[in-house]
Amino acid sequence: MEIPFDNSYSRLPEEFYRKVDPAAVKHPTLIQWNQSLAKDLGIPFDANDSDTLAAVFSGNQAIPGATPLAMAYAGHQFGRFTKQLGDGRAHLLGEVLTKQGKRKDIMLKGSGATPFSRRGDGRSSLGPVIREYLLSEAMHALGIPTTRALAAVATGESVYRESRLPGGVFTRVADSHIRIGTFEYFSSRGMKDHLQALLRYACERHYPRALEGSPDELVDRFLAQVVEGQAALIAKWMSIGFIHGVMNTDNASVAAITIDFGPCAFMDQFAYDRVYSSIDRHGRYAYHNQKQIGLWNLTRLAEALLPLLPQSQDSIERLQAVLNRYEAVYQKAWRYLFARKLGVSEDCQNLDELIRLFLDALADESLDFTQSFLALAEVLLDQDTLLPKTPKLGQFIDRWQREIKNIEVAVTQIRQTNPRFIPRNHLMEEVIAAALIGDYEPFYQLLKRCLDPFGSKDGSRYELPPKPHEVVKATFCGT
Ligand code: AMP
Ligand code: MG
């Protein structure tokens, strides 16, 4: 069996990557295989070949046509620039074209050391593999641009973190793995030709229309596409209470997809400044900071692109003008999404105020973000809800109901926009604890729900917020 690879990244200049093979593991076993994604990608394996799948997607068995490599990139981490990061525990196997002609990266993660590993072991424990599988597929099912999960494999080896843990390898599929940090890598080294080559490559791959028009303004057109994509993406995160947790520029995709599911989380109890990541001590990447951080990251991209423009104040002003579009694109997307969540029309009176009023009411009582929006459908149907009867919520409900034109339409809109099933932190912890002792059944159960986020009530605990003793306060990247 073969994978129809067509590896364009490996045809870029050699400074873009280091060629390196995955390191074999002792005893790989398949945990999960994404058959429908494999089919889209034209990968002719199926779950019955679990031994072959485990061998190939652990890195044990080389696949004809693959050109394994570790990509070079730099990045601003928590505001501080590091000139050399790169894939320290991941191997890009190559690219395939989907039936629709879209190019996709296939990458192993946790597959061994590379020249970019620094002090890391190049490995991953099973926890982050399970987390990324659930989170990325949940995001996809929610309609949010994201990397995808193709396979999860247990290695049969141990990795050593704070304790000894079983190891895993995750196979990630992405529109590309080009990050803002990839641009920063060449820009910070003064490698202008490489920077130009990267710009062309990124445009060909993601924004071919930017290549039309005057070459002098290619930088502007490319930046505008990334600005618009990131603004829309982050508004979507906000609309589902997703907190990325490590919005460093090396984790910011120029294809504007969600990438790098480290200590990210779906928020349970609403707070504007909610933080879960144990490494985010000052709340830099808190829920309500994500919009500003998105723009901060894009500003780093603009700076990295500046050497491609004539050295002048005019060039700075040109790119600043492009960055200035961020606010409007974000606001438009945010209003649209939250109007849908409330079941009201976008041109309803004082929409922004109405949204704020509801969020403030949730914050005051630390109510569950996801369930509270969904409960609005029940309010309209005069059914019992989880929402308490506080003065602020009462005030909101009075004003909001006046904006509802058609109850049936609004109920449908609310139920189609607000998920019932999300990979909640406490469920994820249980799933991972079970997986660590070899029981994957809870993982399969949760995955089933995450693949159908807008499904109907099933009376299971998967749709419920955590009980007080189940609330998870901190998440760890565990890498
Ligand atoms: P992240 O915080 O996951 O975005 O990773 C930041 C950087 O650390 C990237 O360059 C990773 O490749 C590297 N890294 C993280 N964990 C490991 C590991 N176990 N071994 C080698 N490199 C790692
Ligand atoms: Mg990363």
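Taken together, the values in this text are just the output of simple stated rules run on the coordinates, not laboratory data. Given the structure is predicted, the values throughout are model-derived calculations rather than measurements. Please note: Cβ atoms are built from the backbone with ideal geometry, for glycine as well, and neighbour counts cover all protein chains shown.
With N set to the number of residues, divide the alpha-carbon radius of gyration of region 335-417 by 2.2 N^0.38 Å and report two decimals. Could the numbers behind the result be given before it?
Details: Rg = 11.4 Å, N = 83, 2.2 N^0.38 = 11.8 Å.
Cα Rg divided by the expected 2.2 N^0.38 Å: 0.97.
Which of His91, His244, His288, His27 comes first, and how do the rest follow, when ranked by fewest Cβ neighbours within 10 Å? Don't skip to the end; give the middle numbers.
Values: His91 28, His244 25, His288 14, His27 11.
Least crowded to most crowded, the residues run His27, His288, His244, His91.
Classify the chain: rounded, prolate or oblate, from the alpha-carbon gyration tensor (a ≥ b ≥ c, eigenvalue square roots; a/c under 1.5 rounded; otherwise prolate if a/b is larger than b/c)? Could you put the intermediate results ahead of the total?
Numbers: a/c = 1.85, a/b = 1.21, b/c = 1.52.
Judged from the Cα gyration tensor, the chain comes out oblate (a/c at least 1.5, b/c at or above a/b).
Let a ≥ b ≥ c be the square roots of the eigenvalues of the Cα gyration tensor of region 426-474; is it rounded (a/c under 1.5), or, if not, prolate (a/b larger than b/c) or oblate? Spell out each step's value before the answer.
Details: a/c = 2.27, a/b = 1.14, b/c = 1.99.
Since a/c reaches 1.5 but b/c is at least a/b, the shape of region 426-474 is classed as oblate.
Would you calculate the convex hull of the Cα atoms in region 1-56 and tell me its volume per residue in Å³? Walk me through the numbers before you get to the answer.
Working: hull volume 6.1 nm³, N = 56.
Considering the Cα atoms of region 1-56, their hull volume per residue is 109 Å³.
Taking Lys467 as the anchor, which aspartates and glutamates have their alpha carbon closer than 17 Å to its alpha carbon, excluding any fewer than eight residues away along the same chain?
Asp268, Glu365, Asp368, Glu429, Glu430
Checking the table Lys39/Lys102; Lys26/Lys109; Lys236/Lys332; Lys332/Lys473 against a 20 Å threshold on Cα-Cα, which pairs fail?
Lys332/Lys473, as the Cα separations exceed 20 Å there.
Taking each full run of DSSP H in the chain as one helix, which ones are at least 27 Å long along their axis (Cα atoms) and have mean Kyte-Doolittle hydropathy of at least 0.5? Spell out each step's value before the answer.
Numbers: long enough: 218-239 (32 Å, 0.72).
Membrane-span-like by this criterion, though nothing is claimed about a membrane: 218-239.
Cross-link partners among aspartates and glutamates for Lys83, C-alpha distance below 12 Å, same-chain residues fewer than 8 apart left out?
Glu184, Asp250
By its C-alpha gyration tensor, with a ≥ b ≥ c as the square roots of the eigenvalues, how is region 61-112 shaped: rounded for a/c under 1.5, else prolate for a/b larger than b/c, else oblate? Walk me through the intermediate numbers first.
Values: a/c = 3.30, a/b = 1.73, b/c = 1.91.
It is oblate, given that a/c is not under 1.5 and a/b is not larger than b/c.
Counting other C-beta atoms within 10 Å, which of Phe358, Phe443 has the fewest, and how do the rest follow? If you can, show how the numbers build up before the last one.
Details: Phe358 24, Phe443 21.
Exposure proxy ranking, most exposed first: Phe443, Phe358.
Give me the tail of P(r) for region 9-174 as a percent: Cα-Cα pairs with distance above 19 Å.
Values: 7682 of 13695 pairs.
Of all Cα-Cα pairs in region 9-174, 56 percent lie more than 19 Å apart.
Using helices alone, I'd like the mean residue ellipticity at 222 nm for the chain: each DSSP H run of four-plus residues gives -39500 (n - 2.57), total over residue count, nearest 500.
Numbers: 15 runs with 193 residues, N = 479.
Computed ellipticity for the chain at 222 nm equals -12500 deg cm²/dmol.
Rg(Cα) of region 402-455 divided by 2.2 N^0.38 Å? Mind dumping the intermediate values first?
Details: Rg = 16.2 Å, N = 54, 2.2 N^0.38 = 10.0 Å.
The reported ratio for this selection is 1.62.
Hey, got a sec? Which trypsin sites (Lys or Arg not before Pro) in region 243-318 land in a DSSP loop and have at most 14 other Cβ atoms within 10 Å?
On the way: sites: Arg274, Arg281, Arg284, Lys291, Arg300, Arg318; in loops: Arg274, Arg281, Arg284.
Listed in order of number, the matching sites are Arg281.
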